[in-house]
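Take a look at the structure below.
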Amino acid sequence: MNNFYCQLTGFTDITQMVNDQFYRSVPDDWYVSVVDVRGSTEAIERGSYRDVNFIGAAAITAHLNLVDHELPFIFGGDGAVLLVHESMRESTLKVLQSLSYYAKEIFDLELHAGMVPVKTLREMGKELQVAKYVSGIGFAQAMFKGGGISLAETLVKTEPEFRCEPAARFESTEVFSGLTCRWKPIPSGKGVTLSILIQPVDDDYRVLPEVITQLKSILGSFENANPVRMENARYYSVLANLKRQIKISKVGFNRQFIKDIFTILVAVPFFNLRLFKLLPSAKRYIEHTPLHCDFKKFDDTLRMVLNCSASEHQAIESYLRSQGLAGQVVYGIQVSDAAQMTCYVESMTDGGHLHFVDGTDGGYALAAKKLKQALSLLAA
């Protein structure tokens, strides 16, 4: 199978994220795999935002582990979308069924999970193009435009024919392998953590480079606005992490379970006591973790989690309000004081770990609620 995505030329300047030269149309023999937590807002209000984020990240890592390691994807906080080739359809279905089953059994969360053929999206009038943004050392993110992702999400949420039924096709340890949620929320270094969603009116992507440039000007640089500040990061306690690991593991005297428990017993004091400074590879892993985070991305909607000061927050709100009144964009912003990070770690080497970032207390999901309200007012 020719994975065209691996052959794409990546771009490194986020202002180029809608530049046609970096995008390629997704072939008709591919599918969009969609996972969305049903009732995520209500789950977040019950205090389950950490579980919601965990399942959203697991949607990605389970595909990478059990389908193919080089799939394009994007994390949305309360869900995710990926592209899979038709040759991967059966293994993808097993992942979606298993994830739906364990989300309900372990976390009491119901999913909309399913696949939509890219060909169907085109027949319904939407295009799907993908680009590759190289945002850190050995870490590339997929960017999507054309309206196909949004339509695929809508079809999976509203049309039963595109959804799958829950079934334990894989063991829970296989579905959640490599995925951890051991870090406490990371406090904002400047005081405010913003979860922002921005859509151009009438899909006029041309306005977005200017929006990004203005945000960068307000913040000084996006590097300074990265919400993952490892000097402020601490693990949850050994007991809290053990409870969570037992929750998602096949408990017993098997090699994987014993390895996971041993890792927690060693890793929590190792990181919380800052002992990683004594080991060059671990020190490098911590220093480079912010470079492996997905805090800015695009899938017809610009999605960002930003660390900023109160004055920068007000300037961003003021600027987006002016652009909204001018009919350029619609947006949703959720304010918190920390970022939630869910990690996928194969190794501590560059490119061997991914970190999915959201604002605490349901940042992206609650920003999406506000965006929907703004879109409703626009359509009225």
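Taking 0.890 mPa s as the viscosity and 25 °C as the temperature, the Stokes-Einstein diffusion coefficient of segment 222-369 based on its alpha-carbon Kirkwood radius rounds to 138 µm²/s. Span-like helix criteria (full DSSP H runs; alpha carbon extent of at least 18 Å along the helix axis; mean Kyte-Doolittle hydropathy of at least -0.5) are satisfied in the chain by 49-66, 89-107, 255-272, 363-379. Only Cα sites of segment 157-249 enter the Debye sum here, all with the same form factor; the resulting log10 I(q)/I(0) across q = 0.11 1/Å is -0.68, listed in q order. When only Cα pairs below 8 angstrom with a gap of at least 6 residues are kept, the chain shows a relative contact order of 22 percent. Within segment 87-159, count lysine pairs with alpha carbon atoms under 17 angstrom apart where the residues are 8 or more positions apart or belong to different chains. Going through segment 87-159 pair by pair, I get 5. With contacts taken as Cα pairs under 8 Å at a separation of at least 6 residues, segment 182-330 carries a relative contact order of 47 percent. The local environment of Met17, defined by Cβ-Cβ distances under 10 Å, has a net charge of +2 under the rule Lys, Arg +1 and Asp, Glu -1. The order of Leu378, Leu302, going from fewest to most other C-beta atoms within 10 Å of their C-beta, is Leu378, Leu302. Shown here are the Rg and Dmax of the Cα trace of segment 7-177, at 15.7, 45 Å.
Inter-label distance, Phe222 to Lys372: 2.7 nm, where each label sits 7 Å from its Cα along the C-beta direction. Each listed q (0.14, 0.16, 0.29 Å⁻¹) maps to a log10 I(q)/I(0) for segment 232-279 from the Debye sum over equal C-alpha point scatterers, namely -0.37, -0.47, -1.05. The alpha-carbon of Lys283 sits under 20 angstrom from the alpha-carbons of these aspartates and glutamates, leaving out residues fewer than 8 places away in its chain: Glu223, Glu231, Glu346, Asp350.
Calculated [222 nm] ellipticity per residue, helices only, for the chain: -12000 deg cm²/dmol; basis is -39500 (n - 2.57) per DSSP H run with n ≥ 4, divided by all residues, nearest 500.
As a rough guide to protection, the peptides 270-282, 356-368 ranked by mean Cβ packing within 10 Å, highest first, stand as 356-368, 270-282. For the chain, count all C-alpha to C-alpha pairs, find those more than 38 Å apart, and express that count as a whole percent of the total. Tail of P(r) above 38 Å: 13 percent of Cα pairs.
By definition, a body whose alpha carbon gyration tensor gives a ≥ b ≥ c is oblate when a/c is 1.5 or more and a/b is not larger than b/c, and segment 1-94 fits this oblate description.
Values quoted throughout were computed directly from the atomic coordinates according to the rules given, and no laboratory measurement underlies them. Model, not experiment: these values are computed from the prediction. Backbone-built Cβ (ideal geometry, glycine too); neighbour counts: all protein chains shown.
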